[in-house]
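The values are calculated or read from the model by the stated rules, or taken from the named source; none is laboratory data. Just so you know, these numbers come straight off a predicted model, no measurement behind them. Every residue, glycine as well, gets a Cβ built from its backbone with ideal geometry; the counts of neighbours run over all protein chains shown.
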């Protein structure tokens with residue numbers, strides 16, 4: 001009986017276009033849209049090597065500093081040396097972000113304002129400022145002692161190092177090490193897909209309850225035990241959900257090239273438990289509410305979307321707002337349990353918060369299933 | 001014949017409304033029992049109580065001598081049910097739907113396959129095995145609905161208005177199928193508000209109204225309950241009032257109406273009623289056409305007992 005019902009529940013689910021759309025296709029479509037929307041933002045925020053030109057009207061050490069500057073072991077500037085006309089032409093053709101005329105006072109020529117131009121101005125400003133500090137120190141030392149001692153050179157060297165270090169920190173590209181917008185969105189997408197399993201749970205339980213559907217009536221008058229039918233149906237829902245999640249991971253990794261990083265096993269584990277939470281939520285809604293199936297489906301979709309919204313799907317700020325103002329909401333929000341668990345893999349050195357979220361999801365699932373069981377047990381008769 | 005189902009003092013309340021009131025009856029092995037009554041009379045409620053789909057306030061229901069309960073699986077495996085609403089999976093083919101529902105009763109695949117083939121043949125769906133429900137007409141859907149309910153060859157079949165909204169061809173097919181079920185030894189409980197079906201099919205009829213039994217017996221026994229014996233309809237182009245009054249005075253006549261050139265004469269029990277009427281018309285040189293004589297129907301019985309039509 002168990003296998004018979006499992007087989008036909010799977011067959012029914014796979015042939016139900018609406019369910020397949022919400023479980024399989026919708027997350028993939030949304031994932032594609034996320035990728036399209038966020039990849040440019042990510043690209044714009046990554047510091048690439050900046051192309052500039054240097055026009056040397058007068059010998060100046062600045063060019064050496066420019067050549068040595070690096071971001072994350074990558075040259076910060078790609079420099080073209082030439083005369084002002086050539087530099088101007090390159091700027092006109094947007095081959096370079098700006099050019100530097102090295103004379104007594106270095107001049108920066110840019111065509112537009114942007115992050116590259118800002119960095120260029122900032123770096124030149126820092127160099128000039130440092131140079132001035134050093135000149136002032138030397139002038140002061142000579143005026144005081146008449147000579148530059150070894151001790152002074154040592155102090156000067158340390159100061160230069162310090163300034164260099166500060167500058168390095170200032171312009172360090174941290175975008176690739178931290179959680180990107182895209183990844184955050186994909187975490188909420190995983191949460192949404194996991195919770196959409198609720199629709200599967202809801203559909204299957206509705207089909208098995210006599211007071212919810214004609215099929216349920218027919219099953220209720222058969223010698224099949226209600227428990228066997230419900231457990232095998234729930235298992236079918238979980239299997240379909242796992243296939244949906246597998247598709248999502250395969251699509252996002254191989255087609256959208258999302259890098260989930262080094263914690264993939266933990267991501268998978270959290271997702272599997274998240275799916276259970278989604279399924280149990282659907283079973284609970286199907287068992288407890290005595291309303292029509294469409295309304296119940298609406299409740300599952302609305303609840304899922306709201307949960308994902310609060311956990312940062314439509315903007316990460318929302319997660320922080322809720323965390324700051326109504327933290328309890330995020331603690332009981334299953335979508336947030338999933339996304340927060342995934343964030344924690346990147347933000348924290350330890351797995352404490354990750355396990356906290358895993359345990360929260362298990363408690364949430366057990367609570368949902370306990371409510372469902374209580375409701376189903378009470379329905380000794382089906383009260384059609 | 002022994003009693004296969006016994007319902008004793010069954011009472012079912014919906015809040016303050018008594019849907020079924022102290023109902024007692026038996027169903028004998030191999031018979032077709034018709035539960036007849038208008039909408040809201042308690043037919044479906046009675047049936048759902050018998051199937052343990054509804055909890056009832058008072059009374060007992062025994063099937064095969066055992067108390068019927070939600071977990072009485074040994075009883076349930078011998079029961080087949082065809083509900084008024086079509087209960088099918090839209091995502092499964094005709095064959096798969098039958099295999100799924102039959103599989104809830106029959107584990108052995110080979111036996112199940114044979115049973116399904118028999119049921120498909122019984123309802124005439126041989127050409128539609130691979131069709132999906134949405135590809136079937138209303139009549140074919142009803143046939144599939146029946147096939148899913150009886151494929152496991154149950155000893156007792158509950159049929160809840162299986163011919164509602166069905167075309168004449170499918171209706172005849174369904175009625176033939178029910179006859180075959182009886183021939184195969186099934187006991188059938190048939191609820192409907194189509195009296196013609198009851199008259200054709202049922203060995204015994206229980207007429208319900210407002211949750212109580214108002215009459216019980218074979219169709220012929222029930223017709224005896226009607227005060228009228230015969231209804232004669234005659235088409236007469238023109239009939240004067242004095243003739244109507246004279247017809248009323250004929251032997252056994254209880255009621256005469258004349259409307260739209262149609263004369264209807266209701267007779268109490270007695271013989272040669274039609275002859276006496278035709279003799280009178282010929283004597284008065286009244287030309288007539290299309291003369292019909294009808295015996296009372298169960299609807300007339302119901303009308304007699306409750307003052308309203310079955311389909312009200």
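So in region B:105-130, with the set limited to residues that are outside any helix (DSSP H, G or I) and within 14 Å of chain A (Cβ to nearest Cβ), which one is nearest to the chain's Cα centre (by Cα)? That would be B:105.
Looking at region B:256-270 only, could you name the residues that are without any contact (Cβ under 8 Å) to a residue 12 or more places away in the chain and either surrounded by 14 or more Cβ atoms within 10 Å (Cβ to Cβ) or in a strand (DSSP E or B) (or both)? B:257, B:259, listed by residue number. Looking at the structure I just gave you, is residue B:146 facing chain A (nearest Cβ under 9 Å), in a helix (DSSP H, G or I), modelled with pLDDT of 90 or more and surrounded by 14 or more Cβ atoms within 10 Å (Cβ to Cβ)? Considered against the rule, which asks whether it is facing chain A (nearest Cβ under 9 Å), in a helix (DSSP H, G or I), modelled with pLDDT of 90 or more and surrounded by 14 or more Cβ atoms within 10 Å (Cβ to Cβ), residue B:146 comes out as no.
Here's the yes/no breakdown for (1) facing chain A (nearest Cβ under 9 Å); (2) touching a residue at least 40 places away in the same chain (Cβ under 8 Å):
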site	(1), (2)
B:54	yes, yes
B:71	yes, no
B:75	yes, no
B:80	yes, yes
B:88	yes, yes
B:93	no, no
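Taking first residues from region B:213-224 that are closer than 16 Å to residue B:21 by Cα and partners that are in a helix (DSSP H, G or I), the Cβ contacts under 7 Å between residues at least 6 apart in sequence or on separate chains come to B:214/B:305; B:214/B:306; B:215/B:222; B:215/B:225; B:215/B:301; B:215/B:305. When B:42, B:65, B:80 are checked against the criterion of being surrounded by 15 or more Cβ atoms within 10 Å (Cβ to Cβ) and at positive phi, a single residue qualifies: B:42. If the condition is being surrounded by 13 or more Cβ atoms within 10 Å (Cβ to Cβ) and farther than 13 Å from residue B:234 by Cα, then region B:281-295 contributes only B:284. Set side by side, the residues B:69, B:2 differ, and just one is at pLDDT below 90, in contact with a helix residue (DSSP H, G or I) (Cβ under 9 Å, 6 or more places away or on another chain) and over 24 Å from residue B:162 (Cα atoms), which is B:69.
Among the residues of region B:210-234, just one is crowded, with 21+ Cβ neighbours inside 10 Å and over 26 Å from residue B:252 (Cα atoms), namely B:211.
Only one of B:305, B:274, B:281 is farther than 26 Å from residue B:164 by Cα, in a helix (DSSP H, G or I) and either within 30 Å of the chain's Cα centre (by Cα) or modelled with pLDDT under 85 (or both); which? Step by step, each of B:305, B:274, B:281 is checked, and only B:274 is farther than 26 Å from residue B:164 by Cα, in a helix (DSSP H, G or I) and either within 30 Å of the chain's Cα centre (by Cα) or modelled with pLDDT under 85 (or both). The residues of region B:149-163 that are assigned to a strand (DSSP E or B) and within 12 Å of chain A (Cβ to nearest Cβ), listed by number, are B:156, B:157, B:158, B:160.
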